[in-house]
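First comes the structure, then the notes that go with it.
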Amino acid sequence: MKDSLRQYHIQYKAKREKLRDSLFGTHKYKKFVIVSDSRTGSTLLMQLLNSHPEIITLGEEFKDLNQLSCKESWRNIFRRRPKKINWVGFKLFYFHPRKSMDREVWDLIESDKRIVIIHLTRQNILRSYVSKKIGLKTRKWTESVNLPLEINEEDKKVKLEPAECRKNF
């Protein structure tokens, strides 16, 4: 009961904010997208950007579209926002959307001449690849600045095959 009330309250607040923004908000903000591969520090970058009161950074909005079209998701991200907001963006991995052949989001980015693209890479591709392998093994993906992942040493041991490394690098 308590969880369902909490969920209802969260949904209510979200709908109320969306309505308020549609009536009093503005589109006078700059757009951005963080484009990267996984395990490059994109979550940390999102957390840092979201700590600024004038920036809204959404997550992997195009990972799974959940019955929305790319255009609907795009319009939802870049809808009217409070006047104090100066930047709105989201994170997009190279392989998104994952379960769909719909790659329209890439066309939307290319056609939007106002959007700023933050291309995030990790210099050490071996460490990035090892991190991916550990993530696949443990199913633990997101690490917060405030709550680091607790992964035991045994779970951090992964086997790397030279051919597999060459393919991924």
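The values are calculated or read from the model by the stated rules, or taken from the named source; none is laboratory data. Since the model is a prediction, treat every value here as computed from it, not as a measurement. No Cβ is skipped: glycine too gets one built from the backbone with ideal geometry, and neighbour counts run over all protein chains shown.
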Restricting to region 1-31, give me the number of residues that are under 19 Å from Ile117 (Cβ atoms) and in a helix (DSSP H, G or I).
0
Search region 96-139 for residues being farther than 22 Å from Lys31 by Cα, part of a loop (DSSP other than H, G, I, E, B) and among the basic types (Lys, Arg), and hand back the single one that is modelled with the highest pLDDT.
Arg122
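Please determine, by comparing only the residues of region 128-141 that are in contact (Cβ under 8 Å) with a residue 12 or more places away in the chain and of a type in the set (Lys, Arg), which one is surrounded by the most Cβ atoms within 10 Å (Cβ to Cβ).
Within region 128-141, the match that is surrounded by the most Cβ atoms within 10 Å (Cβ to Cβ) is Lys133.
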Every residue in region 64-99 that is farther than 20 Å from Ser111 by Cβ, of a type outside the set (A, V, I, L, M, F, W, C) and touching a residue at least 12 places away in the same chain (Cβ under 8 Å), please.
Asp64, Arg80, Arg81, Pro82, Lys83, Lys84, Asn86, Arg98, Lys99
Would you check if there is a residue in region 86-95 being touching a Phe, Trp or Tyr at 6+ places or on another chain (Cβ under 6 Å) and assigned to a loop (DSSP other than H, G, I, E, B)?
yes
Pick out the one residue from Ile34, Ile56 that is touching a helix residue (DSSP H, G or I) at 6+ places or on another chain (Cβ under 8 Å), touching a residue at least 40 places away in the same chain (Cβ under 8 Å), crowded, with 18+ Cβ neighbours inside 10 Å and not in a helix (DSSP H, G or I).
Ile34
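Residues are listed down the side, and each one gets a yes or a no for (1) at pLDDT below 95; (2) over 22 Å from Tyr94 (Cα atoms):
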| position | (1), (2) |
| --- | --- |
| Tyr29 | no, yes |
| Phe32 | no, no |
| Val35 | no, no |
| Gln47 | yes, no |
| Glu61 | yes, no |
| Asp64 | yes, no |
| Arg75 | yes, no |
Which members of region 1-41 meet the condition of being more than 28 Å from Asn86 (Cβ to Cβ) and not small (Gly, Ala, Ser)?
Met1, Lys2, Asp3, Leu5, Arg6, Gln7, Tyr8, His9, Arg39
